[in-house]
Amino acid sequence: MTKNIVIIQGHPDPKGGHFDHMLGDTYARAAESAGHTVSTIHVANLEFPILRSKEDWNSGPVMKDIEVAQSLIRDADHLVLVYPLWLGSMPALVKGFLEQVLRPGFALENSSEGGFPKGKLKGKSARIIVTMGMPAFFYRLFYGSHSLKSLERNILRFCGIKPVKSTVIGLVEGISGVKCRQIKKNIAKLAAAAR
């Protein structure tokens, strides 16, 4: 079954050419080869301000770039978020993007009784691909993948997206050609299955 896939390229460098860009491109090519429809949102190329108040979050203006991103996400069956781990979490630009794009009215519906909001993005799945300089097992065991778990549980699942799966790739600065080819092969396999 073919799917509509949206890749959210979260590396904040607009020049491109990083390991994360290669991973996103690999995923896109393999998914398209398998018959899936693929769109890519390059967060580094978007224009949007940082939200600074509850009023901004609830009812501030939605910039054109964010509207386009919301439209792509609305139509997607599967989301792929690729980003490097910076200071133990996603880069600030990615967090700012998610705060803008996943606002009430689009990703969340506030309860009229004052309870928890309801997620409006049900029926979508997601894959998070995180790269880092430290060993992946160290991030998982010593740090407990705290920021990744927060993104999975407190952001994506809270908006109704599930299942949410993750791929953590460590020691990216010193990756050999053989290891890089194996990673690309694994990413391509996930892409072909839209997982």
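Phi angles across the range 32-45 convert, under the Karplus curve 6.51 cos²θ - 1.76 cosθ + 1.60 with θ = phi - 60°, into 3J(HN,Hα) values of 5, 4, 8, x, 7, 8, 10, 10, 10, 9, 9, 4, 5, 9 Hz, Gly and Pro given as x.
Projected label points at L141 and E32, each 7 Å from Cα along the beta carbon direction, are separated by 4.0 nanometres. For the range 53-68, backbone phi angles converted through the Karplus equation (6.51, -1.76, 1.60; θ = phi - 60°) give residue-by-residue couplings of 8, 4, 5, 4, 4, 7, 9, x, x, 9, 5, 4, 4, 6, 4, 5 Hz, Gly and Pro being listed as x. Amide H contacts of R127: L79, V80, L81, K165, each under 5 Å away and 5 or more positions distant or on a separate chain (H built 1.01 Å from N in the peptide plane; Pro and chain starts excluded).
Three semi-axes describe the equivalent ellipsoid of the range 1-140; taken as square roots of 5 times the Cα gyration tensor eigenvalues and ordered largest first, they are 26, 19, 15 Å. Placing a label point 7 Å from the Cα of W86 along the Cα-to-Cβ direction, the residues of the range 1-29 whose backbone N falls under 11 Å of that point are 10-14. Secondary-structure-derived ellipticity at 222 nm for the chain, considering helices only, amounts to -10500 deg cm²/dmol, per-run term -39500 (n - 2.57) for DSSP H runs with n ≥ 4. Using θ = phi - 60° in the Karplus curve 6.51 cos²θ - 1.76 cosθ + 1.60, the 3J(HN,Hα) couplings for the range 101-110 round to 7, 9, 7, x, x, 9, 9, 10, 10, 5 Hz; x is entered for Gly and Pro. GNM remark for the chain: springs join alpha carbons under 10 Å apart, and the peak mean-square fluctuation among F48, F97, F116 falls on F116.
Annotation: D13 carries an accessible surface of approximately 40 Å², with a 1.4 Å probe and no ligand, DNA or RNA atoms counted. With the simple spin-label model, which puts each label point 7 Å out from Cα in the Cβ direction, the R153 to E113 separation comes to 2.5 nm. Our estimate of slack between K120 and N4, defined as 0.36 nm per intervening residue step minus the Cα-Cα distance, is 40.0 nm. Modelled spin labels at Q182 and R195, positioned 7 Å past Cα toward Cβ, are 1.9 nm from each other.
Across the cross-link table entries K124/K165; K95/K189; K3/K122; K3/K162, which are compared at the Cα atoms, the separations over 19 Å belong to K95/K189.
The values are calculated or read from the model by the stated rules, or taken from the named source; none is laboratory data. Bear in mind the structure is a predicted one, so any value in this text is a computation, not a measurement. Glycine gets a Cβ as well: all are built from the backbone with ideal geometry, and neighbour counts include every protein chain shown. Remember, those area values only see protein heavy atoms, side chains included, never the ligands or the DNA or RNA. Shrake-Rupley method; radii C 1.70, N 1.55, O 1.52, S 1.80 Å.
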